[in-house]
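A short worksheet on the structure shown next.
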Amino acid sequence: MNDILPPPLQRRPGRLEAAVLKLFTRNAQVLHVEDIGPAFRLITLGGEALRNVAWTPGDKLQIQLGGWVQRTYTPMDWDAESGRTRILVYLHADGPGTHWARLVRKGDACTVFGPRRSLRLEQPRGRAILFGDETSLGLAVALSSQASPLRMVFEVGALAEATPVIRQLRLDDAHLCVRLEGGEHFNELDAHMSAQLQAHPAAEIVLTGQAGSIQHMSRLLRQQGAAAGRRQSKAYWAPGKAGMD
């Protein structure tokens, strides 16, 4: 087990918290931890409580980190028969979720809440376009099992960090655009998204990742005349905000 644990994992839950956890959460165990490049960890969770669970690609899972602290991830897949699921963690900050992911080891216990509905394709097996960033790659794997095909456009901080995980997860249709200060990369993103919209005018559109980038893409979609009824969005993070769901 870990010799040093982040503060949220050291404190035992109080009586009220323990009662809530017992009612609404599941106990799991870390079965495998794999580093993919310098910035990502692929974590496999399993256990009896994860068996016979109803899961739809795009659902979310929350890892309880002690107290009322939790972080949300998108299961890439879910084997309900064996009770296994995988999450991809982007090690991009120094918050509780990143701290947990860096220290967690095979055999560690954890408590999870979910899976619960978050983002789902309305027309499985239809065409879809996903926009996001490094925090969206787990969702991309999940949705790629449903969309036919899934077109992906990601803004990333560094190609050297993102390329290994894109390759290993077989997200071959992903277009990567390096994030530039001041939003100078948006011209490239706009051009690529516009090309995807023209090539797949009836595709569902899913916007994820950084809140400001989602707002920018939403304006582009309105300008392109993309129907509001076939797009959905979920902000995973924003500068200065922690614990976004």
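The values are calculated or read from the model by the stated rules, or taken from the named source; none is laboratory data. Note that this is a predicted model, so its numbers are computed, not measured. Note: ideal-geometry Cβ built from the backbone for every residue, glycine included; neighbour counts use all protein chains shown. Accessible surface areas use protein heavy atoms only, side chains included; no ligands, DNA or RNA. Shrake-Rupley method; radii C 1.70, N 1.55, O 1.52, S 1.80 Å.
With all protein chains present, how much of the accessible area of the stretch 72-174 (probe radius 1.4 Å) comes from carbon and sulfur, to the nearest whole percent? Answer for the stretch 72-174: carbon and sulfur cover 43 percent of the accessible area.
Both the radius of gyration and Dmax for the chain are 18.3, 56 Å, in that order, over alpha-carbon atoms.
Counting Lys +1, Arg +1, Asp -1, Glu -1, what net charge surrounds residue 29 among other residues with beta carbon under 15 Å of its beta carbon? Within the 15 Å Cβ shell, the charges total +3.
Loop exposure criterion: trypsin sites (Lys or Arg not before Pro), DSSP state outside H, G, I, E and B, at most 16 other Cβ atoms within 10 Å. Applied to the chain, the longest stretch between such sites is 171-245.
Ordered from largest to smallest accessible area (heavy atoms of protein chains, 1.4 Å probe), the residues 221, 91 come out as 91, 221. For the chain, the relative contact order is 18 percent, taking Cα pairs closer than 8 Å that sit 6 or more residues apart in sequence and dividing their mean separation by the residue count. Computed from the Cα positions only, the extents of the stretch 166-212 along the three principal axes stand at 31, 29, 18 Å, in decreasing order. In terms of overall dimensions, the C-alpha atoms belonging to the stretch 179-245 reach 35, 26, 15 Å along their principal axes, ordered largest to smallest. The alpha-carbon atoms of the stretch 103-142 define a convex hull whose volume equals 123 cubic angstrom per residue. For the stretch 91-140, the list of chymotrypsin sites (Phe, Trp or Tyr not before Pro) that fall in a loop by DSSP and count at most 13 other C-beta atoms within 10 angstrom is empty.
Where the alpha-carbon atoms of the stretch 65-148 are placed on the principal axes, they occupy 40, 32, 23 Å, in descending order.
Here the chain carries DSSP beta bridges of which approximately 60% are antiparallel, counting only pairs with both residues inside. Dividing the C-alpha radius of gyration of the stretch 134-197 by 2.2 N^0.38 Å, with N its residue count, gives 1.12. Relative to the dominant Cα principal axis of the chain, helix 211-224 is inclined by about 30°.
The longest part of the chain holding none of the exposed loop GluC sites (Glu not before Pro), meaning those outside H, G, I, E and B in DSSP with at most 13 other Cβ atoms within 10 Å, is 1-80.
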